[in-house]
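Taking it in order: structure first as structure tokens, then the write-up.
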Amino acid sequence: MGKTYRPLSLDEALEMAEAENALPLAGGTDLMVQNRSWSGLPPYMKRPVLFIGHLKELQGVHAEGDGLVIASATTLTAILRNERIPSLLKEAVRSIGGPAIRSRATLGGNICNASPAADTLPPLYVLGAELVLRRKNGTRTVPVASFMQGPGKTVLKRGELLTAVRLPAMEPAITFYRKVGTRSSNALSKLSIAAAADSEKGVVTDVGIALGAVAPTVVCSPDAENLMRGRTAAEIRGELYRILDAYNCKLKPIDDQRSSSLYRLKASFRLILSFIGTVLLPALEENT
């Protein structure tokens with residue numbers, strides 16, 4: 001397998017990440033599967049491994065100002081057990097693997113694996129999450145929507161580690177999550193959707209919709225969301241065609257062993273309509 005490192009602190013981990021260009025490993029539930037045959041990996045993947053899942057600085061959930069901070073090596077089980085975690089994120093986490101996987105897998109790992117089918121990414125997009133990236137000589141914060149550049153590709157630089165996920169304090173009043181797979185857990189997503197909205201007196205004040213596994217990155221449409229903001233249920237019904245049409249150029253599903261591109265495309269539109277028609281519009285009409 002080659003060199004491995006087990007730092008005693010985050011500072012030491014950052015030193016090693018910079019000096020050795022080491023590959024971070026927290027829970028390992030994605031990385032170990034990908035690297036089952038280490039000798040057969042391409043040269044760019046034959047890097048030293050940096051164990052970080054044990055570091056105290058990378059574990060736990062705490063309030064910070066008016067928001068919430070989830071350390072990157074916090075396990076999915078710990079997230080499910082924490083009362084402060086938004087229900088939308090918990091619903092997505094609950095669909096990942098089984099209890100054994102969730103007890104090892106980490107939030108940071110699910111994000112940094114950079115899979116278009118990652119179950120936590122759509123909820124994090126609509127919740128407005130920010131990612132804290134640290135390296136030996138500095139820290140920067142990026143929106144989660146800017147982090148993933150394609151399958152397996154992120155904005156992480158050499159020596160940089162994802163150390164925390166920041167969430168706004170307020171949880172949306174209206175939420176929706178669906179994962180389409182061969183079964184409810186222990187299965188990769190064929191596609192997934194997360195949506196969230198707030199309203200006042202029957203008018204949408206904010207809304208977000210994100211779809212996973214239907215393009216190289218998570219799909220959002222600011223144009224579609226703008227067609228819903230500031231509108232009543234009746235006005236949104238009148239804009240449904242334009243709302244759906246705004247996703248046409250963004251949805252680029254593929255055929256693979258899990259599903260066909262045509263199925264993913266049709267299911268995406270049905271899920272968007274399901275959120276709008278069965279969740280958002282009734283909530284607006286109830287609060288008119």
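Rule-based calculations on the coordinates, nothing more; no lab input. This structure is a prediction, so every number in the text was calculated from the model and none was measured. Ideal geometry is used to build each Cβ from the backbone, glycine not excepted, and the neighbour counts take in all protein chains shown.
In this calculation the C-beta distance from ARG242 to ARG47 is compared with R0 = 35 Å, giving a FRET efficiency of 0.15. Name the residues of the range 221-256 whose amide N is less than 14 Å from a point 7 angstrom out from the Cα of LYS201 along the C-beta direction? Only 230-232 pass the distance filter. Here the chain yields Rg over Rh of 0.99, to two decimals, using C-alpha coordinates and the Kirkwood radius.
For the chain, the longest principal axis of the Cα atoms and the long axis of helix 261-275 meet at an angle of about 60 degrees.
Hydrodynamic estimate: the Kirkwood radius of the range 174-286 over Cα pairs, inserted into Stokes-Einstein at 20 °C and 1.002 mPa s, corresponds to D of 149 µm²/s. Computed about the Cα centre, the dipole magnitude for the chain is approximately 1060 debye when only Lys and Arg (+1) and Asp and Glu (-1) carry charge, each at its Cβ. Projected onto the charge dipole of the chain (+1 at Lys/Arg Cβ, -1 at Asp/Glu Cβ, origin at the Cα centre), which of GLN149, ALA71, TYR241 gives the Cα projection farthest towards the positive end? Of the listed residues, the answer is GLN149. Straight-line cross-link partners of LYS190 among the aspartates and glutamates, defined as a Cα under 20 Å from its Cα and at least 8 positions apart when in the same chain: ASP30, GLU91, ASP119, ASP255, ASP256. Round to a whole angstrom and tell me the spacing of the C-alpha centers of the range 187-240 and the range 71-94. For the range 187-240 versus the range 71-94, the Cα centre distance is 23 Å. Say the cut-off is 25 Å between C-alpha atoms; which of LYS157/LYS252; LYS56/LYS157; LYS3/LYS136 go over it? As for pairs spanning more than 25 Å Cα to Cα, those are LYS157/LYS252.
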